[in-house]
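Here's the structure we're looking at; comments come further down.
The values are calculated or read from the model by the stated rules, or taken from the named source; none is laboratory data. Predicted model, so just to flag it, every value in this text is computed and none were measured. Virtual Cβ from ideal backbone geometry, glycine too; neighbours counted across all protein chains shown. Surface accessibility is based on the protein's heavy atoms, side chains included, excluding ligands, DNA and RNA. Shrake-Rupley method; radii C 1.70, N 1.55, O 1.52, S 1.80 Å.
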Amino acid sequence: CQKSRLKSLYMRLLLVLPLPANASLDKYASLLTYTGPDGEKAWPKKYPFCGGVFQSPIDFHRDILQYDSNLSPLEFIGYNVPSTDRFTLTNNGHSVKMYLSPTMHLRNLPFEYTASQLHLHWGNRNKSEGSEHTVSGKHFAAELHIVHYNSEKYPDVTAAMDKADGLAVLAILLEIGPFNPSYEKIFRHFQNVKYKDQMVQVPGFNIQELLPDRPDEYYRYEGSLTTPPCYPSVLWTVFRHPVKISQEQLLALETAMYCTESDDPEPLEMVDNFRNVQEFRERLVFISFREGKLYKCFYAKKQHSNLCKTEILMWWSRCLNHYKNMGIPFSCSSLCSLFFPFCIVAWATVREQRIWRAYKKFCFTTGIRQANTKQLF
């Protein structure tokens, strides 16, 4: 709660700057470029949030992941849209976007969120690494975002987009594999939105078909829009498992559209429309699945912080290694080092963090300096 309040205060402070607030994202889309003098590196000059905190996308790597048993599977309401209804697919000059039905909702989040639109990010035909989020430094071929707004508190996406709790975005990582008939329901229309501001009607279908097979496994963190004005207003859910599309489908995405209008004498291909990974600055990403370096935490009430068994065992391991490096026989330290960590785990739940701090000091006094240990966590 404290982090949310700080985030809300940060947004209110920046919004007093001469920044065009409460404008549709389409307004910014017409001005957006990723490269050149007005490219991504220049965004903060016009849009201060783009150079601020809570920015997206990020890289998911083990050191920032924390398992959260309270993360429940999302509930998708009204996602199966009948074919008699129509979605509007459009080329907005920097991506292809499809407006969604207002009867689509997300639940099992802090609020109920209503669907607004979906859009894609991709690379180019020579380098199919167009995802925005990465996993352990790995890019995927493309990425789909399904944008929702907090409909419990705000009347529409325009009112919600600059609020700390305004948006929830689902992100689906795409990789090359077999032909995907569900994605083809969108991709087959690309030729009709070849140039900027063109649009076409798409028959309704089950949007849930675009999600991976295991939507209950995901990364969750608080971040931002990945395009200007980069408001830090997004609760991100990035699904762990990628969805496969064919090489031909990916090529259609990478080559079918232009950033320019149909009468432009120098058409500009729409490629590489993804933002680079941003600094994460000591935040945590919560995950709904158990894998790798996870943290099973004890809560120290007075300290308002997590005490993690895995970290204790890692400290213990480093102490033992340090003894060995100093030439101290294992038998000299075995009793203290072997049993002390488990005592900490048992006592931590009732003794706050005094023992935890004492254990760190115990390791430090044997020659392990904090500057070295910081590299390990």
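The single condition among (1) over 30 Å from T35 (Cβ atoms); (2) open to solvent by 40 Å² or more (accessible area, probe 1.4 Å); (3) at pLDDT 95 or above that Q66 does not meet is (2).
Name the single residue that is modelled with the highest pLDDT among those in the range 120-149 being farther than 27 Å from I64 by Cα and part of a strand (DSSP E or B). Write out each step before concluding.
To start, the set of residues in the range 120-149 that are farther than 27 Å from I64 by Cα comprises 124-127.
Imposing the further condition that a residue be part of a strand (DSSP E or B) reduces the set to 124, 127.
Details: N124: 97, K127: 90.
Here the answer is N124.
In the range 201-275, counting only strands (runs of 3 or more DSSP E) that sit wholly within it, the ones holding 1 or more residues that are farther than 16 Å from I146 by Cβ and charged (D, E, K, R) span 218-223, 243-245. The set of residues in the range 35-51 that are buried (at least 18 other Cβ atoms within 10 Å of the Cβ) and outside any helix (DSSP H, G or I) contains only Y47. Taking the range 170-185 as the range and being under 12 Å from A142 (Cβ atoms) and of a type in the set (A, V, I, L, M, F, W, C) as the test, the residues that pass are A171, I172, L173, L174, I176. Looking across the range 229-245, the residues that are open to solvent by less than 10 Å² (accessible area, probe 1.4 Å) and not aliphatic (A, V, I, L, M) come down to P229, C230, Y231, P232, S233, W236, T237, F239. Close contacts from the range 258-275, counting a first residue that is under 13 Å from G93 (Cβ atoms) and at pLDDT 95 or above and a second that is surrounded by 13 or more Cβ atoms within 10 Å (Cβ to Cβ) and of a type in the set (A, V, I, L, M), with Cβ to Cβ under 6 Å and a gap of 6+ residues or different chains, come to Y258/M270; C259/M270; M270/M257. Whether a residue is touching a residue at least 60 places away in the same chain (Cβ under 8 Å), within 19 Å of Q247 (Cα to Cα), open to solvent by 20 Å² or more (accessible area, probe 1.4 Å) and among the polar types (S, T, N, Q) was assessed, and Q191 passes this test.
Count, please, the residues in the range 152-165 that happen to be farther than 26 Å from F60 by Cα and either under 18 Å from the mean Cα position of the chain (by Cα) or open to solvent by less than 10 Å² (accessible area, probe 1.4 Å) (or both).
Our first condition is that a residue be farther than 26 Å from F60 by Cα; within the range 152-165, this holds for 152-160.
Next, from what is left, pick out any that are either under 18 Å from the mean Cα position of the chain (by Cα) or open to solvent by less than 10 Å² (accessible area, probe 1.4 Å) (or both): 160.
Looking only at that region, the number is 1.
Considering every residue within the range 175-192, establish whether at least one is under 19 Å from the mean Cα position of the chain (by Cα) and modelled with pLDDT of 95 or more. Scanning the range 175-192, I find at least one residue that is under 19 Å from the mean Cα position of the chain (by Cα) and modelled with pLDDT of 95 or more, so the answer is yes.
For the range 166-178, does any single residue satisfy the condition of being in contact (Cβ under 8 Å) with a residue 40 or more places away in the chain, open to solvent by 10 Å² or more (accessible area, probe 1.4 Å), within 19 Å of L210 (Cα to Cα) and not in a strand (DSSP E or B)? Yes, some residue in the range 166-178 is in contact (Cβ under 8 Å) with a residue 40 or more places away in the chain, open to solvent by 10 Å² or more (accessible area, probe 1.4 Å), within 19 Å of L210 (Cα to Cα) and not in a strand (DSSP E or B).
One line per residue, one yes/no per condition, for (1) free of Cβ contacts under 8 Å to residues at least 12 places away in the same chain; (2) touching a Gly at 6+ places or on another chain (Cβ under 9 Å); (3) farther than 25 Å from I245 by Cβ:
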site	(1), (2), (3)
T84	no, yes, yes
S95	no, no, no
L106	no, no, no
Y113	no, no, yes
F140	no, yes, no
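Looking only at residues that are acidic (D, E) and closer than 17 Å to E248 by Cα in the range 91-150, which one is most open to solvent (accessible area, probe 1.4 Å)? Only one residue tops the list, namely E129.
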